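Have a look at the structure below before the remarks.
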Amino acid sequence: MSSRTAPEERYAITEPRVVNAGGEALWFLGTLARMKLVGEQTAGRFGLWEGVLPHGAAPPLHSHPQDETFYVLEGEITAWLVEPELAAGAQADPPAWVKTRGRRCGVGAAVFAPGGTPHTFRVETDTARMLVLSTPAGIEDMVRALTEPAKWAWLQPPPDGPRVAADRVSTVERETGMVRHGPPPPPPQRA
């Protein structure tokens with residue numbers, strides 16, 4: 001079922017919960033995601049997961065129907081929140097938004113991308129650990145659809161090729177309402 005369906009139509013009312021440490025550990029495109037609460041557990045109100053990401057990890061400039069909030073627990077990222085008209089010029093190399101919209105974010109920083117806002121981030125430190133909140137639930141559906149169960153509770157080694165076939169990524173993006181507006185930011189510079 002598409003995450004574009006209204007949460008009240010998609011999920012049943014749920015019971016209160018306490019989630020202790022841990023959570024379903026998944027390898028998601030080179031990161032480690034620990035699902036804390038997903039839409040099925042919150043009646044679709046929100047999804048919450050913890051991500052551990054390696055240096056340079058950066059999704060493409062994208063948007064989705066849900067609001068997305070990142071809270072930095074460890075490490076540093078650069079976050080980009082980009083106006084749709086600026087995102088439209090993302091074909092330049094590098095796109096103009098890379099130089100003009102980046103904000104460095106350390107421990108304790110929160111980044112809020114309202115639904116439909118093109119956004120991305122890049123990990124600047126060796127690793128970063130973040131909480132990610134999807135309101136309403138739905139972004140975690142995309143994460144879960146592109147993962148495999150983690151065989152150990154740390155990051156995977158770098159791959160020899162793509163982690164997930166491009167056609168599978170495109171299908172999941174389409175099913176979950178994610179829109180790619182441009183490429184990821186360029187790799188970070190090492191000091």
Exactly one condition in (1) touching a helix residue (DSSP H, G or I) at 6+ places or on another chain (Cβ under 8 Å); (2) closer than 26 Å to Gly39 by Cβ is not met by Trp97; state its number. (2)
Looking only at segment 130-167, count every residue that is under 16 Å from Gly51 (Cα atoms) and not in a loop (DSSP other than H, G, I, E, B) and tell me the total. 15
How many residues does segment 114-138 contain that are surrounded by 23 or more Cβ atoms within 10 Å (Cβ to Cβ), in contact with a strand residue (DSSP E or B) (Cβ under 6 Å, 6 or more places away or on another chain) and within 15 Å of Val38 (Cα to Cα)? 2
Any residue that is modelled with pLDDT of 95 or more, surrounded by fewer than 21 Cβ atoms within 10 Å (Cβ to Cβ) and of a type in the set (A, V, I, L, M, F, W, C) - is there at least one of those in segment 86-103? no
In segment 52-71, how many residues are outside any loop (DSSP other than H, G, I, E, B), closer than 20 Å to Lys36 by Cβ and touching a Lys or Arg at 6+ places or on another chain (Cβ under 8 Å)? 2
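Yes/no matrix, rows are residues, columns are (1) basic (Lys, Arg); (2) open to solvent by less than 40 Å² (accessible area, probe 1.4 Å); (3) modelled with pLDDT under 95; (4) in contact with a Gly (Cβ under 8 Å, 6 or more places away or on another chain):
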| position | (1), (2), (3), (4) |
| --- | --- |
| Ile13 | no, no, yes, no |
| Asn20 | no, no, yes, no |
| Glu24 | no, no, yes, no |
| Gly30 | no, yes, yes, no |
| Ala33 | no, yes, no, yes |
| Ala43 | no, yes, yes, no |
| Gly47 | no, yes, no, yes |
How many residues does segment 70-89 hold that are of a type in the set (A, V, I, L, M), more than 16 Å from Pro187 (Cα to Cα) and touching a residue at least 40 places away in the same chain (Cβ under 8 Å)? 5
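The values are calculated or read from the model by the stated rules, or taken from the named source; none is laboratory data. Treat the numbers as computed from the prediction; the structure is a model and nothing was measured. Counting neighbours? That spans all protein chains shown, and the Cβs are built from the backbone with ideal geometry, glycine included. Ligands, DNA and RNA are excluded from the accessible area calculation, which covers all protein heavy atoms including side chains. Shrake-Rupley method; radii C 1.70, N 1.55, O 1.52, S 1.80 Å.
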